[in-house]
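**Student:** This is the structure I have questions about; it appears just below.
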Ligand SMILES: [Zn+2]
């Protein structure tokens, strides 16, 4: 945890320094060359510096310890800081678009010197390297804000490159194409900003957990001694790398409370050590001598569209009682009617029984 924050902070600081330097150089050489595109490019770098500062502040705020008022910590602040970065990128994109359209109406042709070309070339290389570095660090430390900044830096390299193209065309053809290039690139900046924005909003609304991770967690739990099956994994995200949740496990019906206690602890420890996720564990008792009947009931259940699985088969022959969990997808909307259909079909196999069907929601894969 400590490493992640430090790495994100250091990466962001490098971004701030590089962008402020690039912005200053482009402003000076943009004015000398009389190129709106180059000045605009500099302004864009300044917005990147601001983005990095926001990322920095976001990580600092997010790492605050949980307290009485916010027992889940402050991890989700990082989604807000990404939204702020996205907003800055969108504003920069809109500004670039307006400036590009305006330059259609000014007939002035920019006059690039050798220095202008040299400075912009350095800026292009710097932005490519910065973009790659940000994306690498962002992936390594699971920071959407860093990845977002990295993507932005890559676009900036293209933006700067286009001003070189514009300069070359101005020299050899004597016309200005800054406007056309500017419009195309503005749309790319806007697209990047909007994608960032929606990504963070989706995190806040609540995403389906990464299916590779949810499958892996269930498989790991399934391997633990005494666990027959693991189901109903729910993960609540409280910021990158922070989640709590619950899982239900099937254990043999002959297990004592002591044995269940031990298995439960093992499940929690295994998952916490591997994923830093604290899981609450629910228990289903499974009498494996009734597997034949279970298989037939499950077969009937799974023959219906929209049923993804069944588990927690619990049969009491003396009380004529059967309960089970049925995992359904989001296409089954009328659960009451569907439960009646299933009960009618079960009754052919187990006449006179009371059936209790719990529908599980498809929260994770
Ligand atoms: Zn269940």
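Each value in this text was obtained by applying a stated rule to the coordinates, not by laboratory testing. Note that the coordinates shown come from a computational prediction; the quantities given were computed from them, not determined experimentally. Cβ sites come from the backbone with ideal geometry, for glycine too, and all protein chains shown count toward neighbours.
**Student:** Please compute the contact order of region 1-122 in relative form: average sequence separation of alpha-carbon pairs under 8 Å and at least six residues apart, divided by the residue count, as a percent. All intermediate terms of the calculation are to be shown ahead of the outcome.
**Tutor:** Values: 117 pairs, mean separation 34.8, N = 122.
Reported as a whole number, the value is 29 percent.
**Student:** Then there's this: Could you tell me the calculated FRET efficiency between residue 219 and residue 129, based on Cβ-Cβ distance and R0 = 56 angstrom, to the nearest 0.05?
**Tutor:** Numbers: r = 39 Å, r/R0 = 0.70.
Once rounded, the FRET efficiency stands at 0.90.
**Student:** With the chain treated as a Gaussian network of Cα nodes joined by springs under 10 Å, which of 306, 131, 245 yields the largest mean-square fluctuation?
**Tutor:** Top of the fluctuation ranking is 306.
**Student:** Something else about it: To one decimal place, what orientation-averaged projected area in nm² is obtained for the convex hull of the Cα set of the chain?
**Tutor:** On the way: hull surface 95.9 nm².
Dividing the Cα hull surface by four gives the mean projection, 24.0 nm².
**Student:** Considering just Cα atoms, how many Å³ per residue does the convex hull of region 156-238 enclose? Spell out each step's value before the answer.
**Tutor:** Working: hull volume 10.1 nm³, N = 83.
About 121 Å³ per residue, rounded to a whole number.
**Student:** Here is a further query. What value in Å³ per residue do you get for the convex hull of the alpha-carbon atoms in region 2-205? All intermediate terms of the calculation are to be shown ahead of the outcome.
**Tutor:** Details: hull volume 20.1 nm³, N = 204.
Spelled out: Cα convex hull of region 2-205, divided by residues, is 99 Å³.
**Student:** Would you mind classifying region 1-77 by shape? Square roots of the alpha carbon gyration tensor eigenvalues, ordered a ≥ b ≥ c; an a/c under 1.5 is rounded, otherwise it is prolate if a/b is larger than b/c and oblate if not. Mind dumping the intermediate values first?
**Tutor:** Numbers: a/c = 6.10, a/b = 3.10, b/c = 1.97.
Prolate, because a/c is 1.5 or more and a/b exceeds b/c.
**Student:** Multiply the residue separation of residue 304 and residue 340 by 0.36 nm, subtract the distance between their alpha-carbon atoms, and state the gained length in nm to one decimal. Write out the running numbers ahead of the final one.
**Tutor:** Working: separation 36, 0.36 × 36 = 12.96 nm, distance 1.30 nm.
So the extension gain works out to 11.7 nm.
**Student:** Subtracting the Cα-Cα distance from 0.36 nm times the residue separation, let me have the gained length for residue 70 to residue 210 in nm, one decimal. Could you put the intermediate results ahead of the total?
**Tutor:** Details: separation 140, 0.36 × 140 = 50.40 nm, distance 2.55 nm.
Working it through step by step, the gained length comes to 47.9 nm.
**Student:** Given the rule -39500 (n - 2.57) for each run of at least 4 DSSP H residues, summed and divided by the residues of the chain, what is its mean residue ellipticity at 222 nm, to the nearest 500 deg cm²/dmol?
**Tutor:** Working: 10 runs with 231 residues, N = 365.
Taken over the chain, the calculation gives -22000 deg cm²/dmol.
**Student:** Test of understanding: in a Gaussian network model of the chain with alpha carbons linked when under 10 Å, which of 61, 324, 342 would top the mean-square fluctuation ranking?
**Tutor:** Largest GNM mean-square fluctuation: 342.
**Student:** Further, regarding this structure: Taking the beta-carbon count within 10 Å as an exposure proxy, list 115, 133 from fewest neighbours to most.
**Tutor:** Numbers: 115 13, 133 17.
The most exposed by this proxy come first: 115, 133.
**Student:** Is region 218-356 rounded, prolate or oblate when judged by the Cα gyration tensor, a ≥ b ≥ c being the square roots of its eigenvalues, rounded requiring a/c under 1.5 and prolate requiring a/b larger than b/c?
**Tutor:** Working: a/c = 2.74, a/b = 1.48, b/c = 1.86.
Taking the square roots of the gyration eigenvalues as a ≥ b ≥ c, region 218-356 is oblate.
**Student:** If you restrict to DSSP beta bridges whose two residues both lie in region 211-361, what percentage is antiparallel, to the nearest 5? Let's see the in-between values first.
**Tutor:** On the way: 14 of 32 bridges.
The antiparallel proportion sits near 45 percent.
**Student:** Starting from 0.36 nm per residue, how many nanometres of slack lie between residue 287 and residue 43 once their C-alpha separation is accounted for? Walk me through the numbers before you get to the answer.
**Tutor:** Numbers: separation 244, 0.36 × 244 = 87.84 nm, distance 6.91 nm.
Result: 80.9 nm gained on full extension.
**Student:** Here's something else I'd like to know. Using Cα-Cα distances under 8 Å and only pairs 6 or more residues apart, what relative contact order does region 107-229 have, in percent?
**Tutor:** Working: 94 pairs, mean separation 28.4, N = 123.
23 percent.
**Student:** Any idea how far the Cα center of region 183-243 sits from the one of region 112-141, in Å?
**Tutor:** 31
**Student:** Starting with the fewest neighbours, write out 205, 164 ranked by other beta-carbon atoms found within 10 Å of each beta-carbon. Before the final figure, lay out each step's value.
**Tutor:** Values: 205 7, 164 18.
Final ranking by Cβ density, sparse to dense: 205, 164.
**Student:** Let me ask something additional. Only Cα pairs under 8 Å and at least 6 apart count here; give the relative contact order of region 211-361 as a rounded whole percent.
**Tutor:** It comes to 17 percent, rounded to a whole number.
**Student:** Follow-up. If you restrict to DSSP beta bridges whose two residues both lie in the chain, what percentage is antiparallel, to the nearest 5?
**Tutor:** Numbers: 14 of 32 bridges.
Rounded to the nearest five, the antiparallel share is 45 percent.
**Student:** Let me ask another. Cα centroids of region 279-308 and region 27-59: how far apart, whole angstrom?
**Tutor:** 60
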